[in-house]
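To start, the structure under review is shown below, and the notes come after it.
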């Protein structure tokens, strides 16, 4: 038998998930000069890029330019993409063990955490991730309905996703027309009755998780006044002390928030209220089980023994009249069939990316990205995370700690996938879809007009089999 990692027997790696972590991992693997490595990347959707396509806000086109580097990785002759192939539906972990020396899971964190308060499940209370996926045209979410006839909306959380949701709700049709937002979402939001949006943070401005650029954008909306209560923009003594050691970006963020607190309504048709030191305690429904109000408690900050600042409730409360609620208070991954999963953490248990089972590390199985470490950081944060995992993969491979597939060739894997899912989508197929989307966008003077149904994508590619 040939040595693994040579031209005669390349190291064969399967990556499950075609988002940033998957592509950063593939890039690092394919650039390694000590071994010959072949990478097959699988995704349950026909389209690659994961969060970049289906999670990044449509009005943040510059962030999406990272896909150019992913395309360069995909252009490597030792890389293949198998879209529309789902682990647990078309293939299994045991199948992959028969065709690859290593398996890498990079499936991200796809769902939200619950508020854990009475009324959390009322009609009109939604995970922010579902709304984001809906307006981005994710096929799984395109048929969801959100009651945009409501005039007042609460977004719980102060991360970038929460700010994205609030901003999209407040954009004009003209602003949205400059984006690649899904066409059905463009129409729904253009006809929205939303007049007021509340972003609610349980801690203060200094602890807000959104970035300074995101904060700045809130004050630059064409037809929406961004307002912050002056007393909530002020820093308590603990936060003031912490800001003395804060980096420039956090100082800039607080400066922007405090500048917004000095603004007054100018007569724009919408208002966005950025609130701090408040926590929802209950959602109240009407006779039809729909959200009509949210109870809030005002908080104060205290320092823990570990030095972090936590909120605690005061005796001050208020009630907001809102008919739509989006929760954005943290995200978690979903379990993969046949893969260990830490239910309370929402990640695959691992040590440096090596998947851990009940008896220690599982031979040849790895993880990277949010499903590895939890939903922290931005897109670029996945690169060093992926590098850590890949370094351990390469180290294990050099020591011969790999799976022993009985069908360890690219041709055998191709035949196997084709048998299990005849309608798999190659990267060249994706480029065809990409060209069509860009062309349709050009006709409307937009970046692109997306396909939002798997059936439509397959039809456009001339694939007659069912998805």
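Coordinate-derived values only; no laboratory data. In this text the structure is predicted, and so the values were computed from the model without any measurement. Neighbour counts are summed over all protein chains in view; Cβ atoms, including those assigned to glycine, are modelled from backbone coordinates with ideal geometry.
Some observations on this one:
- In terms of its C-alpha gyration tensor, the stretch 360-467 comes out oblate, because a/c is 1.5 or above while a/b does not outweigh b/c.
- When the inverse distances between all different Cα atoms of the stretch 132-171 are averaged and flipped, the Kirkwood radius reads 11.3 angstrom.
- The alpha-carbon positions of the stretch 90-238 define a convex hull whose volume is 197 Å³ per residue.
- With helices as the sole contributors, the chain gives -8500 deg cm²/dmol at 222 nm; each DSSP H run of n ≥ 4 counts as -39500 (n - 2.57), and the sum is divided by every residue.
- Rg and Dmax of the stretch 115-330, Cα atoms only, in Å: 17.1, 51
- Mean sequence separation of contacting Cα pairs (under 8 Å, at least six apart), scaled by the length of the chain, corresponds to a relative contact order of 22 percent.
- Average Cα contact separation per residue, the stretch 1-156, under 8 Å, 6 or more apart, as relative contact order %: 26
- Sorted peptide list for 176-183, 21-28, criterion being average Cβ within 10 angstrom, highest first: 21-28, 176-183
- Taking the fewest neighbouring Cβ atoms within 10 Å as the starting point, the ordered list for 243, 309 is 243, 309.
- DSSP finds beta bridges in the chain, and of those with both partners inside it, around 40 percent are antiparallel.
- Here the Debye sum runs over all C-alpha atoms of the stretch 1-137 as equal scatterers in vacuum, and log10 of I(q)/I(0) at q = 0.10, 0.16 Å⁻¹ comes out as -0.42, -0.88.
- Size descriptor, Kirkwood hydrodynamic radius, that averages inverse alpha-carbon separations across the chain, Å: 23.8
- Kirkwood radius and radius of gyration were both taken over the C-alpha atoms of the stretch 239-344, and their ratio Rg/Rh is 1.05.
- Peptides 282-290, 198-206, 329-337 ranked from most to least packed by the mean count of surrounding Cβ atoms within 10 Å: 198-206, 329-337, 282-290.
- Label-reachable residues, the stretch 435-449, where backbone N falls under 17 Å from a point 7 Å from residue 65's Cα toward its Cβ: 447-448
- Annotation: peptides 226-233, 107-114, ranked by per-residue average of other Cβ atoms within 10 Å with the highest first, follow the order 107-114, 226-233.
- Acute angle (nearest 10 degrees) that the helix 248-260 long axis makes with the longest principal axis of the chain, alpha-carbon atoms: 40
- Taking all Cα pairs closer than 8 Å and separated by 6 or more residues, the relative contact order of the stretch 115-330 comes to 30 percent.
- Spacing of the two label points (7 Å from each Cα toward its C-beta) at residue 76 and residue 114, in nm: 4.3
- Counted residue by residue at 0.36 nm each, then reduced by the alpha carbon distance between them, the extension gain from residue 231 to residue 282 reaches 16.0 nm.
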